[in-house]
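Quick one: the structure is below, questions incoming.
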Amino acid sequence: MDLGKEPLILFDVDGTLTESGCTIAEPMISALAGLARYAEIGFLSGSPLSSLKRQLWPALNNGIIKMNSHMLPCNGTEYLIPQGTDGEIDFLRIHQASMSLELGDRDFNDIMKALCMLQAEMVGEDYNIPFTGQFIQNRGSIVNWCPIGRGSDSVDRGVFVEADIAHSIREKYIKKIRKMFFDIGVEVVVKFGGDTSFDIFPPGWDKTYVSNHFGESTWDLWFVGDRCGENGNDYELFEQLSPAGKAFETSGPSETIEIIDYYILKELIVKDEQF
């Protein structure tokens, strides 16, 4: 335990606190409310703020969670603090990075053109998957490519996941994306985003970016995520915090609650009793 440091428990959202694409459920809200009595909570996601608000709004309407939480969309390259009272939620923006400014307009445009070509290639494949529109999303500090489209519902995502298991679609295409960017001389990182998409961002803009906001000398950081394998967007932060025993890979919300109750909260309560 890091006595004297403020504990901050960072959570991936989709697949960790919520089922894929769904709103946070009441058992998770209760678990987070109990945790918020002993620690600050960081909602750290590759998704944009709009998705976090949609999935987390019931939790943010809980007073103790809202008062002790930090919104960290796009891998923490954006940082906002929830505010407001009486059911009204607003956000104080602390930081926002820009991918196009970091890379330059030419490289950024080359990324977009490459993804358009890959989307056209995907449409020509015989995978029998749905195409719902909104395939490429510029999130400001991350570009997300979703081959079936951001307009997909849970049924569409289920069809894609089954096809992905059968044909290793994303394993095939993550290699194609990385090779294409290497060939055109654009230095970016490509990771799986959730179950259906890819996140593309500048080197160092993975979830370890949060250390720019929460320094090791002041904060005792923990992390829970569901995509901790090498191609997953939780990998770098998981690897950074694992040696201290403060990173956990979860299979979904039910296991996340167990991790909160039986691992994190128990240690925080012991720490609190020592002061």
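The values are calculated or read from the model by the stated rules, or taken from the named source; none is laboratory data. All values derive from a computational prediction rather than experimental measurement. Cβ placement follows ideal geometry from the backbone for every residue including glycine, while neighbour counts extend to all protein chains displayed.
Would you mind finding the one in Ser152, Ser141 that is modelled with pLDDT under 95, under 22 Å from Ser45 (Cα atoms) and either part of a loop (DSSP other than H, G, I, E, B) or of a type outside the set (Val, Ile, Thr) (or both)?
The conditions single out Ser152.
Does Phe135 qualify as being outside the structural domain of Leu237 (by TED's automatic domain parsing), more than 23 Å from Gly185 (Cα to Cα), in contact with a Gly (Cβ under 8 Å, 6 or more places away or on another chain) and modelled with pLDDT of 95 or more?
Answer is yes for this residue.
Moving on to the next point. Go through (1) assigned by TED's automatic domain parsing to the domain that holds Ile148; (2) surrounded by 13 or more Cβ atoms within 10 Å (Cβ to Cβ) and name the single condition Lys179 misses.
Checking Lys179 against (1) assigned by TED's automatic domain parsing to the domain that holds Ile148; (2) surrounded by 13 or more Cβ atoms within 10 Å (Cβ to Cβ), the one that fails is (2).
Let me ask something else about it. Regarding Leu92, is this residue loosely packed, with under 14 Cβ neighbours inside 10 Å and either closer than 26 Å to Asn144 by Cβ or in contact with a His (Cβ under 9 Å, 6 or more places away or on another chain) (or both)?
Answer is yes for this residue.
In addition: Which residues, taken from the range 21-54, are crowded, with 22+ Cβ neighbours inside 10 Å and within 25 Å of Ala97 (Cβ to Cβ)?
Ile41, Gly42, Phe43, Leu44, Ser45, Gly46, Ser47, Leu52 - these are the residues of the range 21-54 that are crowded, with 22+ Cβ neighbours inside 10 Å and within 25 Å of Ala97 (Cβ to Cβ).
Given the condition within 30 Å of Glu125 (Cβ to Cβ) and not charged (D, E, K, R), answer yes or no: does some residue in the range 258-268 qualify?
No, there is no match, as no residue in the range 258-268 is within 30 Å of Glu125 (Cβ to Cβ) and not charged (D, E, K, R).
Does Tyr173 count as aromatic (Phe, Trp, Tyr), on the phi < 0 side of the Ramachandran plot, in contact (Cβ under 8 Å) with a residue 12 or more places away in the chain and in the same structural domain as Gly124 (by TED's automatic domain parsing)?
Yes.
Can you list the strands (runs of 3 or more DSSP E) lying wholly within the range 162-275 that have 1 or more residues being within 24 Å of Gln137 (Cα to Cα) and among the hydrophobic types (A, V, I, L, M, F, W, C)?
So the answer is 189-193, 197-201.
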